[in-house]
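The numbers here are math on the coordinates, done by the rules we state, and not lab data. Keep in mind that what you see is a predicted model, and the values were worked out from it rather than measured. All Cβ positions, even for glycine, are placed from backbone atoms using ideal geometry, and neighbour counts span all protein chains on display.
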Protein chains: 2
Amino acid sequence: MTRVRVDLNISLDGYAAGEPTAEHPMGLDWDRLTAAYAATRTFRRRVLGETGADGTTGVDDAYAAAYFEGIGAEVMGAAMFGLHSHPHDPDWQGWWGDEPPFGCPVYVLTHTAPRPPISMANGTTFHFRSGSIEGVLAEAVEAAGGADVRVGGGVGTARAFLRAGLVDQLHVGIAPILIGGGARLWDDLRGLDRTHQVRSEVAESGTVHVTFTREAATA
Amino acid sequence: MTRVRVDLNISLDGYAAGEPTAEHPMGLDWDRLTAAYAATRTFRRRVLGETGADGTTGVDDAYAAAYFEGIGAEVMGAAMFGLHSHPHDPDWQGWWGDEPPFGCPVYVLTHTAPRPPISMANGTTFHFRSGSIEGVLAEAVEAAGGADVRVGGGVGTARAFLRAGLVDQLHVGIAPILIGGGARLWDDLRGLDRTHQVRSEVAESGTVHVTFTREAATA
């Protein structure tokens, strides 16, 4: 059965980096927020494409590997695709390179005029949708064919799905740093710990991995 | 050498409970925030005075025991003593009972007219001070006689000392709950992870214990 998953790196004070800018497309502090993830063997091999690369193989890597497992479709916000930074470039194909690390249909949420889909080399096709998040999610679930749907981000998109009660599993990798500003994940999410079970684990890097999993409904 | 320590229970979204009210003197959600701490053997024996009581003896209890070790003086805000709830009662002695769990001089920060000190049964004496936090801390350090000084709270007082760079060790017990509002600990503390080393540990209860320890100065 398809689960809807969210997977983010945040700081101890709850920020998933700032708004993207041209100079820092993923926001200031992104490197520090994702340092432990970027050091994993999974990231280096799977995202950077460094075949046979070394990298950490501990707790962080287990979560990095799980990130890619069982995903049949992805939903992301316009900013994560870079539409906000390239609003007038009809040829913009995102900043994920020629072989985006998705390998599945990706639904990009946008309020601007729809664009034709973009098919990439490795099975990734970007679709642009301006409907409700519930409607786009339904389409993604259909496309996933029984596998999971990941709501990839950014944090505003993730929060919209979380607040709507659409997320079955939320994993956050909490870097032990205090950023002091940016896009907060936790606002308005009071009670998520009542509908979801919470499990925490500390990685060798000091990253605290916290996972919220929706409890099975009692019929 | 005296260290200045702060020790708080917060939620995953960074709240140390709301402002105290008559009905909830320690703020709404206090019970949930402190449930793991209140379940420890140390709390039951040391704070509740239940001699020989049971209680958890795992990771949470180790931190609960450390909370009481080596403290020679305490500093707390007026709200934590209850002055804000009882501003017109000159006989108010705090809500810590006849045997407050301090056993040392306690300096209560207040902007209202100074009160005479209150000496309790077990070596606890409450002093009321309206000077700068640096000045009150200096007096507390002197009184501690080489032992540590704890800045007990509430969160506003703790943040004032943290922002002024006066805290050598910050321990937070992070309950895996999302409160969604109240008094935030983390605002304006960017960079604390650069002056302090951060260590994290997950307790059997699911509480995540994070400790910031000031790195030794390199002369």
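Taking each residue in A:202-212, count the Cβ atoms of any other chain within 10 Å of its Cβ, then average. What number comes out?
3
Give me the extension gain from residue B:122 to residue B:92: residue separation times 0.36 nm, minus the current Cα-Cα distance, reported in nm with one decimal.
9.0 nm
Report, by chain and number, residues whose modeled amide H sits under 5 Å from the one on residue A:108, excluding near sequence neighbours (fewer than 5 apart, same chain).
Distant-sequence amide H within range of residue A:108: A:76, A:127, A:128, A:129.
Using θ = phi - 60° and the Karplus relation 6.51 cos²θ - 1.76 cosθ + 1.60, list the HN-Hα couplings for the range A:171-180 in order, rounded to whole Hz, with x at every Gly or Pro.
10, 10, x, 9, 6, x, 9, 10, 8, x
Going by the alpha-carbon gyration tensor, a ≥ b ≥ c the square roots of its eigenvalues, is the range A:28-150 rounded (a/c under 1.5) or, if a/c is not under 1.5, prolate (a/b greater than b/c) versus oblate?
Judged from the Cα gyration tensor, the range A:28-150 comes out prolate (a/c at least 1.5, a/b above b/c).
Using only the Cα atoms, work out Rg/Rh for the range B:11-91, with Rh taken as the Kirkwood radius, to two decimals.
1.02
Please check: in the Gaussian network model of chain A (C-alpha springs, under 10 Å), which one of A:124, A:57, A:207 has the largest mean-square fluctuation.
The residue that fluctuates most here is A:57.
Cut-off is 10 Å between beta-carbons; in what order do B:172, A:149 appear when sorted fewest neighbours first?
B:172, A:149
Out of all DSSP beta bridges in the range B:1-134, what portion is antiparallel? Express it as a percent rounded to 5.
Here the share of antiparallel DSSP bridges comes out near 15 percent.
Quick check: from the Cα gyration tensor, does the protein assembly as shown come out rounded (a/c under 1.5), prolate or oblate?
Because a/c hits 1.5 or more and a/b exceeds b/c, the protein assembly as shown counts as prolate.
Read phi for every residue in the range A:130-139 and hand back ³J(HN,Hα) as whole Hz from Karplus 6.51 cos²θ - 1.76 cosθ + 1.60, θ = phi - 60°, with x for Gly and Pro.
So the J values, rounded to whole Hz, are 10, x, 5, 5, 5, x, 5, 4, 4, 5.
If you average 1/r over all unlike Cα pairs in chain B and invert the result, what Kirkwood radius do you get in angstrom?
This gives a value of 17.8 Å.
At 7 angstrom along the Cα-to-beta-carbon line, where would the label on residue B:62 sit relative to the other copies? Give the distances in nm, shortest first.
1.9
Between A:159, A:194, A:32, find the one with the highest GNM mean-square fluctuation for chain A; connect C-alpha pairs within less than 10 Å.
Among A:159, A:194, A:32, the largest mean-square fluctuation in the Gaussian network model of chain A belongs to A:194.
Give, in nm to one decimal, the length gained when the segment between residue A:62 and residue A:164 is fully stretched (0.36 nm per residue of separation minus the Cα-Cα distance).
Fully extending the segment from residue A:62 to residue A:164 adds 33.9 nm.
For the range A:85-211, build the charge dipole from Cβ charges (+1 Lys, Arg; -1 Asp, Glu) around the Cα centre, then report which of A:192, A:206, A:95 sits farthest towards its positive end.
A:192
Along Cα-to-Cβ, 7 Å out, sits the label point; list in nm, shortest first, how far the one on residue A:213 is from those in the other copies.
3.3
Under a crude label model (7 Å from the Cα following the beta-carbon direction), how far is residue A:112 from residue B:142 in nanometres?
6.5 nm
Would any residue of the range A:65-90 have its amide N under 15 Å from a label point 7 Å out along Cα→Cβ of residue A:34? List them or say none.
What the label zone holds, given the 15 Å backbone N cut-off, is A:65, A:67-68, A:76-77, A:79-83.
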